[in-house]
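Q: Quick one: the structure is below, and I'll ask about it shortly.
The values are calculated or read from the model by the stated rules, or taken from the named source; none is laboratory data. Values in this document were obtained by computation on a predicted structure and should not be read as measured data. Heads up, the Cβs are rebuilt from the backbone with ideal geometry, glycines too, and the neighbour counts pull from every protein chain shown. Note: accessible area is taken over every heavy atom of the protein model, side chains too, but ligands, DNA and RNA are not part of it. Shrake-Rupley method; radii C 1.70, N 1.55, O 1.52, S 1.80 Å.
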Amino acid sequence: MPKLVHRPREDAEFEFILGRSQVPVLAYFTGAWPKAIEPCRAMDVVAGDIAAACTGRLTVVRTDITRCPAATERYGITGAPSCLLLKEGTAVAHGTGPMTIDEVRTFLDGHL
């Protein structure tokens, strides 16, 4: 069974996943500071559901801000959780804060 949500351990791995993806990438950025932990855990569940529902049409990447600081800076991420939809490495949509599965579907609407 393929991995549904990728979890890069560093920026190089994040870039490797982006480079290999033949479909759009939903990168959601997480943090481990106290105010971010619960909203980021909620996004883990939503992202897993989206990854399962969009298998073959979307690559989902859980991106830890502290492990991937270059990606965080490159895409202007200032808080967690944040969602970024990338097509061929270019951001086409950006959202901040925890989202429900319906909000993520709306976020993705028209891009897949």
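Q: Search the range 92-106 for residues that are touching a residue at least 40 places away in the same chain (Cβ under 8 Å) and pair each with any residue that is assigned to a helix (DSSP H, G or I) and open to solvent by 60 Å² or more (accessible area, probe 1.4 Å) when their beta-carbon atoms are under 8 Å apart and the residues are at least 6 apart or on different chains.
A: Close Cβ pairs satisfying both conditions: Ile101/Asp49.
Q: Tell me which of these Thr78 doesn't satisfy, since it passes every other one: (1) within 19 Å of His111 (Cα to Cα); (2) outside any strand (DSSP E or B); (3) open to solvent by 20 Å² or more (accessible area, probe 1.4 Å); (4) of a type in the set (Val, Ile, Thr).
A: (1)
Q: Moving on. Taking the options Phe29, Phe14, name whichever one is under 13 Å from the mean Cα position of the chain (by Cα) and either more than 24 Å from Asp102 (Cα to Cα) or in contact (Cβ under 8 Å) with a residue 60 or more places away in the chain (or both).
A: Phe14
Q: Filter the range 1-48 for residues that are of a type in the set (Phe, Trp, Tyr) and surrounded by fewer than 18 Cβ atoms within 10 Å (Cβ to Cβ); which is nearest to Arg74 (Cα to Cα)?
A: Across the range 1-48, the extreme among qualifying residues is Phe16.
Q: Please go through the range 36-61 and pick out each residue that is among the aliphatic types (A, V, I, L, M) and either under 17 Å from Gly95 (Cβ atoms) or touching a Phe, Trp or Tyr at 6+ places or on another chain (Cβ under 8 Å) (or both).
A: Across the range 36-61, the qualifying residues are Ala36, Ala42, Met43, Val45, Val46, Ala47, Ile50, Ala51, Leu58, Val60, Val61.
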